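Below: the structure, in structure tokens.
All of the numbers you see were taken from the coordinates with simple rules; none came from a lab. Note that this is a predicted model, so its numbers are computed, not measured. Quick reminder, even Gly has a Cβ in these numbers, built from the backbone with ideal geometry, and neighbours come from all protein chains shown.
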Amino acid sequence: MEPDCVFCKIASGALSAPKFHEDEWCVAFPDIEPKAPTHVLIVPKEHRASTAEIDAASEPLVGHLVAVAAALARERGLNHGYRLVLNTGADAGQTVPHLHLHLLGGRPLGDMG
């Protein structure tokens, strides 16, 4: 845990947040600035700044994050589609330096191109 990391604090329970999912690897909670009707963050409990710190040994963790996102999408009835986003670094829009997966849905999200 990084002592100044807001996501580490939420994952450890030091900061309160409504949790949609929690297991030994990750926690999921609503984004405080939602970009869609459904905007959930899936955050690993182990601190990693971004996907830049992911290697082959991290594959089980990353796969688990995606599986949790898919389960949450099903629970929320996102049957017409949803978007998963992993931002890496400030130029990509990452504002919290802790790896996290965004689950967005509940409306047409359009083309990003």
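Numerical summary
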read-out	value
Residue check for Ala28: loosely packed, with under 15 Cβ neighbours inside 10 Å and among the hydrophobic types (A, V, I, L, M, F, W, C)	no
From the options Ala69, Ala57, residue that is in a helix (DSSP H, G or I) and surrounded by fewer than 18 Cβ atoms within 10 Å (Cβ to Cβ)	Ala57
Pairs where the first residue, in the range 68-82, is under 14 Å from Leu101 (Cβ atoms) and the second is part of a helix (DSSP H, G or I), C-beta under 7 Å, 6+ apart	Tyr82/Ala73
Matching residues in the range 1-34 - criterion: being touching a strand residue (DSSP E or B) at 6+ places or on another chain (Cβ under 8 Å) and of a type in the set (Val, Ile, Thr)	Ile10, Val27
Output for the range 21-47, where each listed residue is within 13 Å of Val96 (Cβ to Cβ) and assigned to a loop (DSSP other than H, G, I, E, B)	Asp31, Ile32, Glu33, His47
Residue within the range 33-40 that is in contact (Cβ under 8 Å) with a residue 12 or more places away in the chain, at negative phi and among the polar types (S, T, N, Q) present	yes
Close pairs from the range 1-22: first more than 18 Å from Val40 (Cβ to Cβ), partner among the basic types (Lys, Arg) and in a loop (DSSP other than H, G, I, E, B), Cβ under 6 Å, at least 6 apart	none
